[in-house]
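Below is one structure; the comments refer to it alone.
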Amino acid sequence: LGPDEQFTCLSLSGGTPKEPNVIKSICLRLGPDFMTDVVVVETSDHARLSIQLSYNWYFAVENNSEGASKIFQVPDFVGDTCKSMASRVRGAVAGTTFDDFHKHSTTIIHAAVFGKDGTGNVNKNRQFAENNLVITNVDIQSVEPVDQRTRDALSYSVQQAIEITTKSQEANARHEAERQAQEAQGKLERQRLKDQVAAEKEKQSLLQLQAESSAVQSMGQAKAEARARAEASQIEYEAELKQAELRVQAKKIQDQWELQQLKEQQEAEISHQKAVNELQVQMAKQMADIETERFKNQVAAIGADTIQAMAQAGPEMQAKLLQGLGLKSVLITDGSSPVNLFNTANGLIGTQPGAAAGGSVLGQ
């Protein structure tokens, strides 16, 4: 703000219905927005009504300082606009009866608010030249009678209108149902006649075909039988030939299958025997390797010196035993290697009499 400028507080009308100096503001909204007002009107037949209207509005601001300052020319644009619209609505309703207003309230109020052009059509909006305020729409939110007598008349009028509308709809529906029934009956009758005509034509065609069929049947029965017998014989011969071919083909397939099965069986046996032989050879080889390894492990575990001592232990023990017994020689036999004891004994006796012998062991 400049040093000579200050804020101007706007005092606008508010509430429903509108009352002056309700809203205090330092800014003026350009819209679009709406304002609501309640207008009490009286029809030409003295029916007083309370109408709640809602106006949609905005400011058409021009792109210059003069046009911008024009919107502030009316200090309380809300109150002035509502008063102007209420005056127009009251004037328009005052020239109509209650029934006409009840039936055409929207048209009457729109024409009063927006006015009409040269052709009699309602304008789309109304612009106030004083501050460029534009009214774009008016919404009739409610219409209520002020006195009880008018309310009763309105209720009765609405009830009568509903009854009249209901009866009219019922009559129209009944008339439409009767008309549709008559049309359906007429269509059904026409269809029945058409069907009778078509049936007669078909019956005539059937009789003609039956006559032709009887003639053809009487003339060509023998020919048809002969042809049938010839065709039956041909079919029979062809069937027998086909069966013979199929039997030959089946026998060929069976022989091929048996040969293939025998071949596969022999190949399977050869493969099995070959696998068994390979397994036996492998097992024998593994057993020989195991035995060799076991003997090598035993030899390694016992040691060469121990084996040599074990080999020499038998003869040395026998020699020491004979020495301990005082025998110079000994003969050991078993049942599988008999010895002629008589000759041996004679030889021993002849060599050294008095020698003792016992069992299968003879010593000196």
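The values are calculated or read from the model by the stated rules, or taken from the named source; none is laboratory data. The model shown is predicted, which means the values in this text are computed figures rather than measured ones. Cβ placement follows ideal geometry from the backbone for every residue including glycine, while neighbour counts extend to all protein chains displayed. For accessibility, only protein heavy atoms count, side chains too; no ligands or nucleic acids. Shrake-Rupley method; radii C 1.70, N 1.55, O 1.52, S 1.80 Å.
Can you give the FRET efficiency to the nearest 0.05 for V299 and Q266, using r as the Cβ-Cβ distance and R₀ = 45 Å? So the FRET efficiency works out to roughly 0.40.
Within the shell defined by Cβ-Cβ distances under 14 Å, the residues around A173 carry a net charge of 0, with Lys and Arg each +1 and Asp and Glu each -1. Mind running the shape call on the stretch 122-212? Use the C-alpha gyration tensor, a ≥ b ≥ c as the square roots of the eigenvalues: rounded below 1.5 for a/c, prolate if a/b tops b/c, oblate otherwise. Oblate, since a/c reaches 1.5 and b/c is not below a/b. Highest GNM mean-square fluctuation among Q256, Q210, Q298, for the chain modelled with Cα contacts below 10 Å: Q298. Projecting label points 7 angstrom from Cα along Cα→Cβ for E202 and M283 puts them 8.9 nm apart.
Magnitude of the charge dipole for the chain, about its Cα centre and with charges confined to Cβ atoms of Lys, Arg (+1) and Asp, Glu (-1), is about 560 debye. For the pair A171 and R90 in one chain, pulling the backbone fully straight at 0.36 nm per residue adds 25.3 nm over the alpha carbon distance. Residue by residue, the stretch 127-144 carries 3J(HN,Hα) couplings of 10, 8, 5, 5, 9, 6, 7, 10, 8, 9, 7, 10, 10, 8, 7, 7, 9, 10 Hz when phi is fed to the Karplus relation 6.51 cos²θ - 1.76 cosθ + 1.60 (θ = phi - 60°); x denotes Gly or Pro. Taking a ≥ b ≥ c as the square roots of the Cα gyration tensor eigenvalues, with a/c under 1.5 meaning rounded and otherwise prolate when a/b beats b/c, else oblate, which class fits the chain? Oblate, since a/c reaches 1.5 and b/c is not below a/b.
Approximating the spin labels as points 7 Å out from Cα along Cα→Cβ, the N121-to-Q185 distance works out to 4.9 nm. Here the accessible area is traced with a 1.4 Å probe on the protein chains. For the chain, carbon and sulfur cover 55 percent of it. Once the gyration tensor of the Cα atoms in the stretch 172-320 is diagonalised, the equivalent ellipsoid follows with semi-axes of 111, 40, 8 Å, ordered largest first. Between A228 and Q210, the distance separating the two model label sites (each 7 Å from Cα on the Cα→Cβ line) works out to 2.2 nm. Neighbours of A198, meaning other residues whose beta-carbon lies under 13 angstrom from its beta-carbon, give a summed charge of +2 when Lys and Arg score +1 and Asp and Glu score -1. Calculate, for D100 and A68, the FRET efficiency according to 1/(1 + (r/R0)^6) with r their C-beta to C-beta distance and R0 51 Å; round to the nearest 0.05. So the FRET efficiency works out to roughly 0.70. Going through the cross-link list K18/K124; K252/K274; K167/K194, which pairs have a Cα-Cα distance over 30 Å in this structure? Too far apart for the 30 Å limit: K252/K274; K167/K194.
Taken about its Cα centre, the stretch 162-245 carries a charge dipole of roughly 420 debye when the Cβ of each Lys and Arg holds +1 and the Cβ of each Asp and Glu holds -1. For a quick check, take a GNM of the chain with Cα springs below 10 Å and name the residue from G186, G324, G67 with the largest mean-square fluctuation. Among G186, G324, G67, the largest mean-square fluctuation in the Gaussian network model of the chain belongs to G324. Residue-wise HN-Hα couplings along the stretch 252-260, as the Karplus relation 6.51 cos²θ - 1.76 cosθ + 1.60 with θ = phi - 60° gives them from phi, are 4, 5, 5, 4, 4, 5, 5, 4, 5 Hz; Gly and Pro carry x.
Among residues other than Q282 with Cβ under 13 Å from its Cβ, the summed charge is 0 (Lys and Arg +1, Asp and Glu -1).
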